[in-house]
Amino acid sequence: MTNDGTIGVGLAGFGTVGSGVWNALAQNGGLITERAGSGVQFEIRQIIVRDTDKPREATAPAELFTTDWKSMVENPLVDIVIELIGGTEEAFELVAASLGAGKPVVTGNKALLAERGEEVFALACRHQTPVYFEAAVAGGIPIIKAVRESFVGNQIDLISGIINGTSNYILMRMTEAGLDYPSALNEAKELGYAEADETLDVNGWDAAHKAMLLATIVHGFVIDPEEVYVRGIEYVRPLDIRFAKELGYVVKLLCIVRKHEDGSIEIRTQPSFIPKTNILASVNDVFNAVAIRGDGVGDALFYGRGAGQDPTASSVVSDLVDAGRALRCASKGERQGFLPYRQKGTLKPVDETETAYYVRFPVTDRPGVVADIASLLARAGIGISGTHSSVDPDEPDAAFVDMVFLLHTCPFGILKSALKGIEDLDCVTERPVVFRIETLQE
């Protein structure tokens, strides 16, 4: 800090969110200082970019820009580092160096914390320098502070959420307009809701990284990404959307973090059927929502924009104020952003998790198909609550149909074993498509 108490900020990354942070401090700097209290005020003193000549919408003095992040870490006028460069390798080097230099870090990098969080938090503890990461989960929704502070006196049994705006928009358009997946994806790209490379949004991993961070905070141990069950929305067809609507459900990319009676933690992300009557079913467009169930607070819901320049920048600035207050009050290191409980958690194997299921079998249209499939399900001890068939309206005389089975609750591993046998039937033409049917009541 300078003699007048101004806190110097190093901003690594000046893309959508980084420029949003610049704008927020430029437009609302006085208001932020008033609300922060303790005379806290901020000044961005260095900006790290990959190309200093690239045209940018936000205007900042040219002398602030550099491509050398190491100079920012070594700059004595920079007190707090904001990491918004994305990725994992270079971002980790920057964060590690900043913590080693005793400079608090504010980051929105969910992939970094999900994949290398154990190392990051260990460095934070070793150097008694905090890491703040509200912007890493659900954009402008203050969910990290809620579970870390507001619910600190609760045993949290269930977190369920819709925490990827791109996939939520695509599924909404498939539901409301009857679009197929490619058309809905292209529309999302045209509107700027999907990146040029949409992979992490649609394959489920963006949402899964966020779910892992929430699980880490709530249950006190770092999660191995390879042990988390993740499926995306690429295989969802209009047929599945239509069946869901007829049955009273909505298809959403749903994240689940559930604590079981044996202490194990269930974490998974996948497209699921949820009842139309559930509040999460009404979350549309690019909005996010996280539902939390605690033993003291009961059910609570957090809703808002999960991405975008202004919502995410708002969360970054919120963390920046927390970091500034800690520095101003000479309490750096008092908290690490993540509190390691020094306990080993156990993930519940996905094969042991139980729900009801919707399973669609593309099959040859011949007599006995239902009986063949049903006999193998019965042999596995899986009950059937209903069956439906559908013929492509554009090809009413086609030799193939989609046969849908609604199955009673059973362990996922038992279902997988049964499906392997069913796939070998000569009447099954493609791999079955499985959706979990969630009640979200337990």
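No lab work stands behind these numbers, since they all come straight from the coordinates. Just so it is clear, the model here is predicted, and its values are computed rather than measured. Ideal geometry is used to build each Cβ from the backbone, glycine not excepted, and the neighbour counts take in all protein chains shown.
Simple rule: put +1 on each Lys or Arg Cβ and -1 on each Asp or Glu Cβ in the stretch 227-299, find the dipole, and look at Val297, Leu254, Ala244; the Cα lying farthest toward the positive end is Ala244.
Straight-line cross-link reach from Lys420 at under 20 Å between alpha-carbon atoms covers these aspartates and glutamates, not counting any fewer than eight positions away in the same chain: Asp351, Glu352, Glu354, Asp372, Asp402, Glu430. Projecting the alpha carbon convex hull of the stretch 143-305 along each direction and taking the average yields 9.7 nm². Scattering from the C-alpha atoms of the stretch 1-75 alone, worked out with Debye: what is log10 I(q)/I(0) at q = 0.19, 0.26 1/Å? Rounded to two decimals, the profile gives -0.82, -1.25. For the pair the stretch 185-252 / the stretch 265-281, the C-alpha centres are spaced 11 Å from each other. How far apart, in nm, are the 7 Å Cα→Cβ label points at Ala374 and Thr66? It is 7.4 nm. The angle between the Cα long axis of helix 165-176 and the main principal axis of the chain comes to about 30°, on a 0 to 90 degree scale. Only one residue of Asn203, Ile159, Gly220 has its Cα farthest out toward the positive end of the dipole of the stretch 143-305, where Lys and Arg carry +1 and Asp and Glu -1 on Cβ, and that residue is Ile159.
Using a simple charge model, +1 on the beta-carbon of Lys and Arg, -1 on the beta-carbon of Asp and Glu, nothing else, what dipole does the chain show about its Cα centre, in debye to the nearest 20? Please list the in-between numbers first.
On the way: 40 positive and 61 negative charges, 262 e Å.
With Lys and Arg at +1 and Asp and Glu at -1, about 1260 debye.
Shape call for the stretch 18-165 from the C-alpha gyration tensor, a ≥ b ≥ c root eigenvalues: rounded (a/c under 1.5), prolate (a/b greater than b/c) or oblate? Prolate, since a/c reaches 1.5 and a/b exceeds b/c.
Label-to-label distance for Glu74 and Thr88 is 2.9 nm, based on points extended 7 Å past Cα in the beta-carbon direction. Straight Cα distances below 25 angstrom link Lys245 to the lysines Lys276, with same-chain residues fewer than 8 positions distant left out. Normalised by the number of residues in the stretch 143-305, the mean separation of alpha-carbon contacts (under 8 Å, six or more apart) gives a relative contact order of 34 percent.
Each other residue within a Cβ distance under 12 Å of Val202 adds +1 if Lys or Arg and -1 if Asp or Glu, for a net charge of -4. With the gyration tensor restricted to C-alpha atoms of the stretch 350-437, the semi-axes of the equivalent ellipsoid amount to 23, 13, 11 Å, longest first. Computed over neighbours whose Cβ is under 13 Å from that of Lys70, the net charge equals -3, Lys and Arg +1, Asp and Glu -1. In this rough spin-label picture, where each label sits 7 Å from Cα along the Cβ direction, the Gln441-Lys54 distance is 5.1 nm.
To the nearest ten degrees, helix 238-247 and the longest principal axis of the Cα atoms of the chain are 80 degrees apart. The convex hull around the C-alpha trace of the chain, projected and averaged over every direction, spans 22.7 square nanometres.
Around Ile82, what is the net charge, scoring Lys/Arg as +1 and Asp/Glu as -1 over all other residues with Cβ under 14 Å from its Cβ? Before the final figure, lay out the partial values.
Numbers: positive: Arg45, Lys103; negative: Glu43, Asp79, Glu83, Glu134, Asp319, Asp322.
Neighbour charge sum, excluding Ile82 itself: -4.
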